[in-house]
2 protein chains.
Amino acid sequence: MARVAKKLGRRPGESGTREAIAQAAQRLFSELGYDRTTIRAIAAAADVDPALVNHFFGSKQDLFRAVTTLPVELAEVLPRIAEGPRSQAGLRLADYVMGVLEDPETRRAITGLVRAAASDPEAARVVREIVTARVLTPIAEHLAADRPTLRASLINSQMVGLIMARYVLALEPLASLPRDEVVQAIAPNLQRYLTGRL
Amino acid sequence: MARVAKKLGRRPGESGTREAIAQAAQRLFSELGYDRTTIRAIAAAADVDPALVNHFFGSKQDLFRAVTTLPVELAEVLPRIAEGPRSQAGLRLADYVMGVLEDPETRRAITGLVRAAASDPEAARVVREIVTARVLTPIAEHLAADRPTLRASLINSQMVGLIMARYVLALEPLASLPRDEVVQAIAPNLQRYLTGRL
């Protein structure tokens, strides 16, 4: 691989080249969306030959999978959300989710994922894998209630819907509701999905 | 206008030309999404000069607005949903929504709208206008409870989230849950947004 990098690339080290491609891909996917981002444009932005992008990352879908991360560590956060009265778990989860979404940087990353998934079936597949592994499974594992995976996917439906309604569609008055009022509005609904009768 | 149509178009009647453009636009927007659909491609599909598309419909955003419809008549349906026990209104709404979403044709139209809104800010603006006029306002007008417009936008967040989670992302087990179980799962949450304490 090092030989190919030396032959085709304009950058010396293999890890530097790989990193430059990954950074360019991340930036372009988030700026242009999945389907308008081309391997050629990523190569140009990283100042490498397009063949090197395929060499390091495979297909565009593989590259998207490799550079797409969810800026949320639910697996680490959930034990803290699980602490405290069970009847208030929905409130703690709503508060955590709104904290993540009201931070401009994490919001941009998450709305970018939702946008990519909505615009392209290939991207939807990758986002589904990421959301299942990083959101649904950790939530389901922390649920003492029956049907944990169904509960986790219902919780996700409310979260994705909030992202779409408040940040992507910007439906009023939800779009300009103060953060704490959003938390109060959605917490009991998350609570039912967490622990109520389905 | 008829003179321009005769001069530039390849079809005789003005209304026939307009209709051919509208049909081509509708098909291409739903097949390719908003940002991959060009005025040029619409003109080619309708077999007219691109200048005629602008002549009849203005900008691409105006054209998208003109041809985008929501295949749901909530304003007509809501009086029926409002009939019956108030405590079961969430169930009736959930049942109606799932009826619309489980019909392949209306589902395709609605997921197309969600996809368009997610992929492009211009399209999002148009979809927001349509959803506000055709979904949020009718729901809010039928709500006897306090804060009707906030309730309507929260109901919408759950509906859009269900569309994304079940049909676009296809998150399991929600994606393959039988229709009636989806209704049972979401109805109490819609009920709270309709009539509960926010």
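Close Cβ contacts (under 6 Å, 6 or more residues apart or on different chains) running from residues in the stretch A:171-186 that are more than 9 Å from every other protein chain (Cβ to nearest Cβ) to residues that are in a helix (DSSP H, G or I) and open to solvent by 40 Å² or more (accessible area, probe 1.4 Å) comprise A:179/A:102; A:183/A:95.
Give me the residue from the stretch A:80-89 that is among the small types (Gly, Ala, Ser) and assigned to a helix (DSSP H, G or I) and, out of that set, surrounded by the fewest Cβ atoms within 10 Å (Cβ to Cβ).
First pass over the stretch A:80-89, keeping only residues among the small types (Gly, Ala, Ser): A:82, A:84, A:87, A:89.
Within this subset, residues satisfying the condition of being assigned to a helix (DSSP H, G or I) are A:82, A:87, A:89.
Values: A:82: 15, A:87: 10, A:89: 21.
Among those that are among the small types (Gly, Ala, Ser) and assigned to a helix (DSSP H, G or I), it is A:87.
Scan the stretch A:90-126 residue by residue and report those that are without any contact (Cβ under 8 Å) to a residue 40 or more places away in the chain, over 29 Å from residue A:144 (Cβ atoms) and surrounded by fewer than 17 Cβ atoms within 10 Å (Cβ to Cβ). A:103, A:104, A:105, A:121, listed by residue number. Taking residue A:48 as the residue in question, decide whether it is outside any helix (DSSP H, G or I) and either modelled with pLDDT of 90 or more or touching a Cys at 6+ places or on another chain (Cβ under 9 Å) (or both). Answer is yes for this residue. Residue A:165 - would you say it is in a helix (DSSP H, G or I), surrounded by 24 or more Cβ atoms within 10 Å (Cβ to Cβ), within 12 Å of chain B (Cβ to nearest Cβ) and free of Cβ contacts under 8 Å to residues at least 40 places away in the same chain? In short, yes. The numbered conditions (1) within 14 Å of another protein chain (Cβ to nearest Cβ); (2) open to solvent by less than 20 Å² (accessible area, probe 1.4 Å); (3) hydrophobic (A, V, I, L, M, F, W, C) are all true for residue A:133 except (2). Would you say residue A:151 is modelled with pLDDT of 90 or more, charged (D, E, K, R) and part of a loop (DSSP other than H, G, I, E, B)? Here the answer is no, as residue A:151 does not meet what is asked. Of the residues making up the stretch B:131-162, those that are touching a residue at least 12 places away in the same chain (Cβ under 8 Å) and polar (S, T, N, Q) are B:137, B:149, B:153, B:156, B:158. Kindly establish whether residue A:195 is surrounded by fewer than 20 Cβ atoms within 10 Å (Cβ to Cβ), farther than 22 Å from residue B:168 by Cβ and either within 7 Å of chain B (Cβ to nearest Cβ) or touching a residue at least 12 places away in the same chain (Cβ under 8 Å) (or both). Spelling it out, residue A:195 is indeed surrounded by fewer than 20 Cβ atoms within 10 Å (Cβ to Cβ), farther than 22 Å from residue B:168 by Cβ and either within 7 Å of chain B (Cβ to nearest Cβ) or touching a residue at least 12 places away in the same chain (Cβ under 8 Å) (or both). Taking (1) touching a Phe, Trp or Tyr at 6+ places or on another chain (Cβ under 7 Å); (2) over 22 Å from residue B:33 (Cα atoms) in turn, residue B:126 satisfies each apart from (2).
The values are calculated or read from the model by the stated rules, or taken from the named source; none is laboratory data. Quick caveat: nothing in here was measured; it's all calculated off a predicted structure. For neighbour counting, all protein chains shown are included, and Cβ atoms are generated from backbone atoms with ideal geometry for every residue, glycine included. These area figures cover heavy atoms from the full protein model, side chains too; ligands, DNA and RNA do not enter into them. Shrake-Rupley method; radii C 1.70, N 1.55, O 1.52, S 1.80 Å.
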